[in-house]
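Only one structure is covered here, and it is reproduced in the block below.
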């Protein structure tokens with residue numbers, strides 16, 4: 001049986017006795033691996049941030065969106081109506097939440113103060129669950145409120161600040177486009193998504209949209225089903241129901257999976273480019289390692305002669321030098337992984353996102369470093385193992 | 001039994017076991033276009049327990065002969081056997097095995113590995129023989145005891161005197177209980193006192209039955225051995241038993 005532990009120890013010992021050179025030799029590998037790990041960790045972090053944002057709006061893989069038009073016009077004809085939403089709610093199988101958006105303009109007046117929010121929207125009672133934004137003060141309106149066209153409104157923090165300042169708005173009367181409403185709830189703060197203030201919103205029952213906003217047309221309907229794998233079936237139902245009602249296909253659906261796929265594609269492309277750069281860096285690093293190993297073989301000719309004179313076989317010398325080269329690259333890869341992870345963590349910390357440790361990239365870096373070390377270590381090791389013992393013993397460094 | 005010399009296999013004329021049998025060995029080098037006839041037909045038999053000196057002026061072929069006996073080099077023609085194994089027919093790996101198990105080298109310049117301490121240097125041949133850690137530590141420390149260095153086991157060669165270094169080298173040569181010890185000018189780099197001590201150590205080892213071949217040009221050193229073989233121009237000039 002070949003004893004691998006001893007050549008390993010010998011290789012490790014000779015690396016330790018030459019720390020600075022070992023470090024410099026493997027610098028190329030360290031930089032290459034660190035760059036990959038940093039970028040992949042940041043990419044993974046950004047991905048999980050984006051997916052987290054989508055998830056925080058309720059848009060998981062069990063969700064889909066129906067939009068009016070066929071999806072190729074910039075400004076679509078608004079073909080979906082309140083009645084469509086009512087029928088869909090009755091007929092889609094495994095429906096969990098259904099949230100139609102009737103978006104319009106509404107002037108809100110409280111006493112002498114007047115304000116037009118970015119969004120005044122007709123919604124369904126599913127809004128808090130579908131969009132994961134509950135009422136933190138008061139309550140959201142119920143299905144019964146919607147069905148009975150009760151004039152109640154739930155408002156976002158921005159509107160509260162504009163109209164009520166620090167007073168609680170619950171129970172206060174306001175008018176929207178001249179129609180009297182009672183404020184029954186304040187929405188949980190969402191902050192800003194891209195540049196949109198998501199708290200500058202007033203929500204009224206969808207059944208009142210036509211009366212208040214002058215439209216019963218829907219911008220989009222957000223739907224979730226109970227399980228991810230029921231999305232396809234739901235799309236099928238929607239297509240049958242709406243085509244039957246409209247006698248044509250004047251709507252289209254998006255799934256969140258599609259969006260997730262796009263993000264994944266972008267990140268995968270980025271990872272690909274980074275890996276290509278890293279491959280070049282590792283190649284250059286590998287050549288550097290081969291160069292140093294060749295120098296080491298010459299420098300240690302006498303050591304090789306001594307080892308051979310006391311019985312080292314070609315295989316022993318070969319393994320010693322290959323292990324050295326593999327160890328040096330693997331150490332470089334490990335150092336690179338540590339530096340890369342720390343760098344990613346630091347950068348993401350400043351961007352206020354969380355870095356995700358790129359385990360996959362780390363494993364591949366180790367594997368590639370192993371292969372590079374082996375490949376570029378073989379030639380110097382073969383040279384070392386074939387030295388003539390008499391000549392090697394005579395060699396004066 | 002077709003080859004010359006093989007009919008003598010088993011024992012010499014005196015009946016003792018033969019350790020080295022050399023039959024008409026020639027060694028020719030090519031240094032550029034110049035042909036160097038280092039050995040021109042050497043015949044030599046060394047029996048177990050002998051203490052032999054090989055002497056001669058520089059360029060007489062003693063180093064070449066030593067390399068061939070030590071299986072570091074092969075003859076251009078002729079035959080050599082160690083413990084009745086025809087080593088001139090072996091491949092590189094088998095030769096490495098013979099060097100490891102049958103021959104112990106002691107060099108003029110000690111040839112210890114500078115980055116290993118004394119005990120690790122002594123362990124090296126045991127590593128290549130495949131011994132486990134416990135076994136080789138035990139054996140190496142016993143051997144350092146034999147050469148009187150039990151208090152220097154963890155010193156590196158740079159922390160040892162020349163005489164101490166050569167003792168470590170001798171302990172290393174003994175590691176795998178070889179059939180013979182080959183020493184090339186073992187006192188050449190030592191002061192006379194340390195040289196004297198090393199020679200006494202050799203005598204002591206020989207008294208324990210270890211076969212020794214020393215290459216030297218120093219008459220005093222050779223005087224401690226039991227047999228002197230003189231070489232000149234790659235041939236045996238004289239071969240005399242002195243004890």
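The values are calculated or read from the model by the stated rules, or taken from the named source; none is laboratory data. Computed from a predicted structure; not experimentally measured. Backbone-built Cβ (ideal geometry, glycine too); neighbour counts: all protein chains shown.
Can you tell me how many residues in region A:37-54 are surrounded by fewer than 18 Cβ atoms within 10 Å (Cβ to Cβ) and under 16 Å from residue A:330 (Cβ atoms)?
Qualifying residue count for the region: 0.
State all residues of region A:330-364 that are out of contact with any helix residue (DSSP H, G or I) (no Cβ under 9 Å at 6 or more places or on another chain) and buried (at least 17 other Cβ atoms within 10 Å of the Cβ); if no residue qualifies, say none.
Scanning region A:330-364 gives no hits.
When the residues of region B:121-132 are narrowed to those that are in a helix (DSSP H, G or I) and more than 9 Å from every other protein chain (Cβ to nearest Cβ), which ends up surrounded by the most Cβ atoms within 10 Å (Cβ to Cβ)?
Step by step, filter region B:121-132, then rank; the result is B:122.
Yes or no: residue A:241 farther than 26 Å from residue A:230 by Cβ and not assigned by TED's automatic domain parsing to the domain that holds residue A:217?
When the stated conditions are applied, residue A:241 does not pass them.
Output the residue which, of all residues in region B:84-94 that are surrounded by fewer than 22 Cβ atoms within 10 Å (Cβ to Cβ) and either touching a strand residue (DSSP E or B) at 6+ places or on another chain (Cβ under 6 Å) or in a helix (DSSP H, G or I) (or both), is farthest from the other protein chains (Cβ to nearest Cβ).
Taking the candidates together, the pick is B:89.
For every residue, the table says whether it meets (1) within 21 Å of residue A:90 (Cα to Cα); (2) surrounded by fewer than 18 Cβ atoms within 10 Å (Cβ to Cβ); (3) modelled with pLDDT of 90 or more.
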| residue | (1), (2), (3) |
| --- | --- |
| A:243 | yes, yes, yes |
| A:256 | no, no, no |
| A:263 | no, yes, no |
| A:279 | no, yes, no |
| A:305 | no, no, yes |
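Within region A:242-278, which residues are free of Cβ contacts under 8 Å to residues at least 24 places away in the same chain and in a helix (DSSP H, G or I)?
Within region A:242-278, A:243, A:244, A:258, A:261, A:262, A:265, A:266, A:268, A:269, A:272, A:273, A:276 meet the criteria.
A quick yes/no check of all residues on (1) more than 14 Å from chain B (Cβ to nearest Cβ); (2) closer than 20 Å to residue A:277 by Cα:
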site: A:309; (1), (2): no, no
site: A:326; (1), (2): yes, no
site: A:353; (1), (2): yes, no
site: A:372; (1), (2): yes, yes
site: A:376; (1), (2): yes, yes
site: A:390; (1), (2): no, no
site: A:395; (1), (2): no, no
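In the set B:100, B:111, which member is on the phi > 0 side of the Ramachandran plot, crowded, with 18+ Cβ neighbours inside 10 Å and within 7 Å of chain A (Cβ to nearest Cβ)?
Only one candidate passes the filter, namely B:111.
Anything in region B:39-55 that is more than 10 Å from residue B:212 (Cα to Cα) and surrounded by 22 or more Cβ atoms within 10 Å (Cβ to Cβ)? List them, or say none.
Answer for region B:39-55, where residues must be more than 10 Å from residue B:212 (Cα to Cα) and surrounded by 22 or more Cβ atoms within 10 Å (Cβ to Cβ): B:39, B:42, B:54, B:55.
Tell me, which residue of region B:139-159 that is within 21 Å of residue A:13 (Cα to Cα) and out of contact with any helix residue (DSSP H, G or I) (no Cβ under 7 Å at 6 or more places or on another chain) is nearest to the other protein chains (Cβ to nearest Cβ)?
B:156
Under the condition of being surrounded by 20 or more Cβ atoms within 10 Å (Cβ to Cβ) and in contact (Cβ under 8 Å) with a residue 40 or more places away in the chain, which residue from region A:311-323 is nearest to the other protein chains (Cβ to nearest Cβ)?
Among residues in region A:311-323 that are surrounded by 20 or more Cβ atoms within 10 Å (Cβ to Cβ) and in contact (Cβ under 8 Å) with a residue 40 or more places away in the chain, the one nearest to the other protein chains (Cβ to nearest Cβ) is A:316.
Just the residues that are closer than 17 Å to residue A:222 by Cα, assigned to a loop (DSSP other than H, G, I, E, B) and modelled with pLDDT under 90, please, taken from region A:105-147.
Residues satisfying the conditions are A:131, A:132, A:133, A:134.
So, in region A:214-241, of the ones that are over 16 Å from residue A:84 (Cβ atoms) and not in a helix (DSSP H, G or I), which residue ends up modelled with the lowest pLDDT?
A:214
Taking residue A:34 as the residue in question, decide whether it is surrounded by 15 or more Cβ atoms within 10 Å (Cβ to Cβ), within 30 Å of the chain's Cα centre (by Cα), part of a loop (DSSP other than H, G, I, E, B) and not assigned by TED's automatic domain parsing to the domain that holds residue A:158.
No; evaluated as a whole, the condition is false for this residue.
Within region A:148-168, can you find the residues that are over 11 Å from residue A:117 (Cβ atoms) and either assigned to a strand (DSSP E or B) or more than 35 Å from the chain's Cα centre (by Cα) (or both)?
A:148, A:149, A:150, A:151, A:152, A:154, A:164, A:165, A:166, A:167, A:168
Suppose the filter is in contact (Cβ under 8 Å) with a residue 40 or more places away in the chain, more than 14 Å from chain B (Cβ to nearest Cβ), more than 30 Å from residue B:110 (Cα to Cα) and in contact with a helix residue (DSSP H, G or I) (Cβ under 8 Å, 6 or more places away or on another chain); does residue A:283 pass it?
Here the answer is yes, as residue A:283 does meet what is asked.
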